Amino acid sequence: MEEKELILNNPDALQRADSLDMFGALYNLPEQCLKAWQMGMQCALPERRDYRNVVVTGLGGSAIGGDLLRVYAGDRMEIPVAVNRDYLLPLYVNRHTLLFAVSYSGNTEETLSAYDEARDRGAAVVAVTTGGKLGERAARDGVPQITVPPGIMPRSATGYLFLPMLAVLSRLGLLEDPAGEVEELASVLRGQREKLHPGVPAADNPAKQLALKLYNRIPVIWGASATSEVAAQRWKGQVNENAKAPAYWNVFPELNHNEVVGFEAPAELLRKLHIVILRDVQDHPRVKIRMDITRDIVEKAAGGVSEVEAVGDGTLARMYSLVYLGDYASVYLAVLYGIDPGPVKVIDHLKAELARR
Ligand code: PA5
């Protein structure tokens with residue numbers, strides 16, 4: 001057995017490498033999702049208004065739930081959902097906007113700025129946070145607050161930072177009740193974790209196998225618009241934050257109109273890439289064909305190509321199944337690089353420097 005595989009097959013080594021117990025948080029994700037859904041079903045609601053758009057404002061691990069919501073709502077809601085990752089809000093935000101201000105720590109300055117702006121513009125606001133300054137401002141302003149449990153990394157809290165928003169939209173009548181899909185989501189994730197957790201050897205563990213393929217390569221993750229796009233973006237972010245390594249993502253069909261042309265580059269450069277294609281049963285039939293043709297084009301040049309298929313019947317389960325696999329793979333990749341997956345010192349440094357200036 002290869003040396004790297006031996007590392008992944010040693011549960012003690014995996015545990016020692018993971019000072020913040022990212023593996024534990026991953027294992028608990030199905031229960032987190034169910035709890036998060038209940039929190040959203042029980043929280044205070046914003047007032048019922050003639051809402052014309054929904055905006056989720058947040059950054060990094062606190063923004064990806066907004067993308068899950070945007071994609072899920074895309075063909076289920078009559079008003080648009082947008083994700084804002086900036087200090088400022090788009091001009092259309094006004095009293096007809098329902099805005100979720102999401103910050104796990106509650107102290108992210110871009111989110112606090114957008115929160116203040118949303119309040120000034122008269123938008124209905126819901127805060128999703130463990131507390132911090134966002135929690136203080138929401139309490140001061142009498143804004144409904146979904147207080148999520150502290151103690152994990154923001155990117156380990158996707159259930160808390162996504163499902164309560166879904167519940168609120170459903171309770172406001174903006175979205176059909178997805179309770180059945182939430183149940184299925186938890187059951188699909190429970191099934192997946194039994195194949196992905198650290199105790200399962202690499203030979204039987206798809207996340208460990210992917211990490212071994214991505215090791216010493218630059219991951220390039222390709223999803224499809226309106227289905228696996230969030231998972232592709234999430235994989236990239238998780239490789240960045242957990243494995244502390246570069247990664248890139250793109251979507252079909254757009255990448256067929258630019259990125260694929262880049263595969264005429266020198267072989268030495270292309271060999272460094274490992275392409276992962278995320279597939280979903282709901283991908284547009286023409287996109288499925290595009291994926292096949294594109295694979296033929298790039299696999300002669302790239303260092304490797306892998307394909308992953310979403311699991312489950314409902315959209316929630318399928319989207320999250322891809323996210324879950326990537327989350328596990330990125331933590332295994334961290335261990336292969338000898339990196340502690342949890343701490344993100346560079347982000348902490350940036351926030352500390354910004355606070356000083
Ligand atoms: O995953 C992380 O730790 C980051 O991407 C954070 O989510 C990001 O910096 C924003 O912080 P917060 O989630 O506390 O608003």
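The values are calculated or read from the model by the stated rules, or taken from the named source; none is laboratory data. This structure is a prediction, so every number in the text was calculated from the model and none was measured. Glycine also receives a Cβ, built like all others from the backbone with ideal geometry; neighbour counts cover every protein chain displayed.
Residues that are more than 25 Å from residue 340 (Cβ to Cβ) and touching a Leu at 6+ places or on another chain (Cβ under 8 Å), at least 3 per element: which helices (runs of 4 or more DSSP H) completely within the range 175-269 meet that? Step through it out loud before you land on a result.
Details: elements: 179-196, 206-214, 229-243.
Correct list: 179-196.
Counting only helices (runs of 4 or more DSSP H) wholly contained in the range 46-163, the ones carrying 3 or more residues that are buried (at least 16 other Cβ atoms within 10 Å of the Cβ), of a type in the set (A, V, I, L, M, F, W, C) and modelled with pLDDT of 95 or more occupy 64-73, 109-120.
The residue that is farthest from the ligand (Cβ to nearest atom), counting only those in the range 129-147 that are closer than 15 Å to residue 56 by Cα and in contact with a Cys (Cβ under 9 Å, 6 or more places away or on another chain), is 144. Go through the range 328-344 and give me each residue that's within 11 Å of the ligand (Cβ to nearest atom) and in a helix (DSSP H, G or I). Answer for the range 328-344, where residues must be within 11 Å of the ligand (Cβ to nearest atom) and in a helix (DSSP H, G or I): there is none.
Within the range 328-357, residues that are more than 25 Å from residue 212 (Cα to Cα) sit with their Cβ atoms under 7 Å from residues that are within 14 Å of the ligand (Cβ to nearest atom) and modelled with pLDDT of 95 or more, at 6+ positions apart or across chains, in these pairs: 354/109.
I'd like to know if the range 179-194 contains one or more residues that are more than 16 Å from residue 72 (Cβ to Cβ) and within 11 Å of the ligand (Cβ to nearest atom). Within the range 179-194, none of the residues are more than 16 Å from residue 72 (Cβ to Cβ) and within 11 Å of the ligand (Cβ to nearest atom).
The condition (being in contact with a strand residue (DSSP E or B) (Cβ under 7 Å, 6 or more places away or on another chain) and among the basic types (Lys, Arg)) is satisfied by just one residue among 236, 244: 236.
Before we move on, is residue 227 more than 16 Å from the ligand (Cβ to nearest atom), within 29 Å of residue 247 (Cβ to Cβ) and β-branched (Val, Ile, Thr)?
It is true that residue 227 is more than 16 Å from the ligand (Cβ to nearest atom), within 29 Å of residue 247 (Cβ to Cβ) and β-branched (Val, Ile, Thr).
Residues in the range 169-214 that are in contact with a helix residue (DSSP H, G or I) (Cβ under 8 Å, 6 or more places away or on another chain), over 27 Å from residue 69 (Cα atoms) and charged (D, E, K, R): 204, 208. State yes or no: is residue 125 within 16 Å of the ligand (Cβ to nearest atom) and either aliphatic (A, V, I, L, M) or in contact with a Leu (Cβ under 7 Å, 6 or more places away or on another chain) (or both)? So residue 125 passes the test.
Could we say that residue 317 is out of contact with any Gly (no Cβ under 9 Å at 6 or more places or on another chain), of a type outside the set (D, E, K, R) and within 28 Å of residue 152 (Cβ to Cβ) here? For residue 317, the condition - out of contact with any Gly (no Cβ under 9 Å at 6 or more places or on another chain), of a type outside the set (D, E, K, R) and within 28 Å of residue 152 (Cβ to Cβ) - is met.
Is it fair to say residue 201 is more than 19 Å from the chain's Cα centre (by Cα) and away from the ligand (no atom under 16 Å from the Cβ)? Criteria met by residue 201.
The single residue among 111, 57, 97 that is more than 13 Å from the ligand (Cβ to nearest atom) and of a type in the set (Ser, Thr, Tyr) turns out to be 97. Restricting attention to the range 1-26, report how many residues are surrounded by fewer than 19 Cβ atoms within 10 Å (Cβ to Cβ) and under 18 Å from the mean Cα position of the chain (by Cα). Selection size over the range 1-26: 1. Counting only residues that are more than 16 Å from the ligand (Cβ to nearest atom) and buried (at least 18 other Cβ atoms within 10 Å of the Cβ), the range 232-255 holds 5 of them.
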